[in-house]
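Novice: My structure is below; once you've seen it, I'll send some questions.
The values are calculated or read from the model by the stated rules, or taken from the named source; none is laboratory data. As the structure is a computational prediction, the values presented were derived from the model and not from experiment. Quick reminder, even Gly has a Cβ in these numbers, built from the backbone with ideal geometry, and neighbours come from all protein chains shown. Surface areas here come from the heavy atoms of the whole protein model, side chains and all, with no ligands, DNA or RNA. Shrake-Rupley method; radii C 1.70, N 1.55, O 1.52, S 1.80 Å.
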Amino acid sequence: MRLLAHTAALALLGLPLASHALDGVTDPKGDFLATFAGSAAASADLDVVAATVLYDAVADTFTLKATMDGNVGSTATGLYVWGVNRGAGVAGFANNLGLNGVRFDRVILLNPNGTGIVAGAGALPAGSVIISGKNITATVSGALLPSTGFANKLDYTFNLWPRNTTFAGVSAISDFAPNNANFTAAPVPEPASAALLLGGLGLVALYRRRQSNS
């Protein structure tokens, strides 16, 4: 049984996710930029508290999900901007905000009315953007995000910065997640990997039950 438990543990460690240490971020509440022109007290829906990206290699789709501190849409002029570095990303906020770590070469714009667009590539199909309370999720075809240098789309990196479009320039940006860096996507486990994971968890549970009964 020890061998089975050990094998299950190795199976868990062998999943593709294990090779991507930073596949999502949490962000402190209330960390509005000092340059933000909006009211922090009225902008909880523009304050990121968590963000993740999943990539499904079989379907070639990215799923971008963000959780805000308030219900999405509370700010009618809000906009959720995802910056994507596909291999040729530049630090677009280095000069005006001193942020060298936020790098991107394409942006995805999500609106609180459930529409979205990939700048330079086209609008997202209806139903691609789902809003539920504090969460906003978008499904984006990888065809809209062709590589500009990275051989693997799992090497793409992301940053999320909500905006209040009432204002112009960097004064519209309320928050960055993460603050001065990008994060990578996590792979969606393939069916075989998912089955291996479930099987491994079952073996571990069985081993623990037998150990507790012995």
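Novice: Measuring from centroid to centroid over Cα atoms, what is the spacing of region 121-184 and region 41-88 in Å?
Specialist: The two parts, judged by their Cα centres, are 6 Å apart.
Novice: Between N71 and T26, what is the FRET efficiency for a Förster distance of 22 Å, r being their Cβ-Cβ separation, to the nearest 0.05?
Specialist: For N71 and T26, the calculated efficiency is 0.70.
Novice: On to the next question. Could you order D105, D155 so the one with the most accessible surface comes first? Probe is 1.4 Å.
Specialist: Per-residue accessible area, sorted high to low, gives D155, D105.
Novice: If we sort 74-82, 43-51, 25-33, 121-129 on the protection proxy, mean other Cβ atoms within 10 Å, highest first, what's the order?
Specialist: Details: 74-82: 19.2, 43-51: 22.1, 25-33: 15.7, 121-129: 14.1.
Ranked by mean Cβ neighbours within 10 Å, highest first: 43-51, 74-82, 25-33, 121-129.
Novice: Can you give the log10 of the normalised intensity I(q)/I(0) at q = 0.12, 0.17 Å⁻¹, computed with Debye over equal Cα scatterers of region 115-178?
Specialist: -0.42, -0.84
Novice: Under 13 Å from a label point 7 Å along Cα→Cβ of T148: give me every residue in region 84-100 with its amide N that close.
Specialist: 84-93
Novice: Counting only other residues whose beta carbon sits under 13 Å from that of D175, what net charge do I get with K and R as +1, D and E as -1?
Specialist: -3
Novice: What length, rounded to one decimal in nm, is gained on full extension from I130 through to T165, with 0.36 nm per residue of separation minus their alpha-carbon distance? Don't skip to the answer; put the middle values down first.
Specialist: Values: separation 35, 0.36 × 35 = 12.60 nm, distance 2.04 nm.
Length gained between I130 and T165: 10.6 nm.
Novice: Apply the Karplus parameterisation 6.51 cos²θ - 1.76 cosθ + 1.60, with θ equal to phi minus 60°, to every residue of region 56-66 and state each ³J(HN,Hα) to the nearest whole Hz, in sequence, with x for glycine and proline.
Specialist: Result, rounded to whole Hz: 9, 5, 5, 8, 6, 9, 9, 10, 9, 10, 10.
Novice: Provide the solvent-accessible area of T184, counting protein heavy atoms only and rolling a 1.4 Å probe, rounded to the nearest 10 Å².
Specialist: Accessible area, nearest 10 Å²: 30 Å².
Novice: Could you give the Stokes-Einstein D for region 30-132 in µm² per second, using the C-alpha Kirkwood radius, 4 °C, 1.567 mPa s?
Specialist: 86 µm²/s
Novice: Something else: Bin width 10 Å, origin at 0, all Cα-Cα pairs of region 77-144: what percent of pairs per bin?
Specialist: Going out from 0 Å in 10 Å bins, region 77-144 shows 20, 45, 30, 5 percent.
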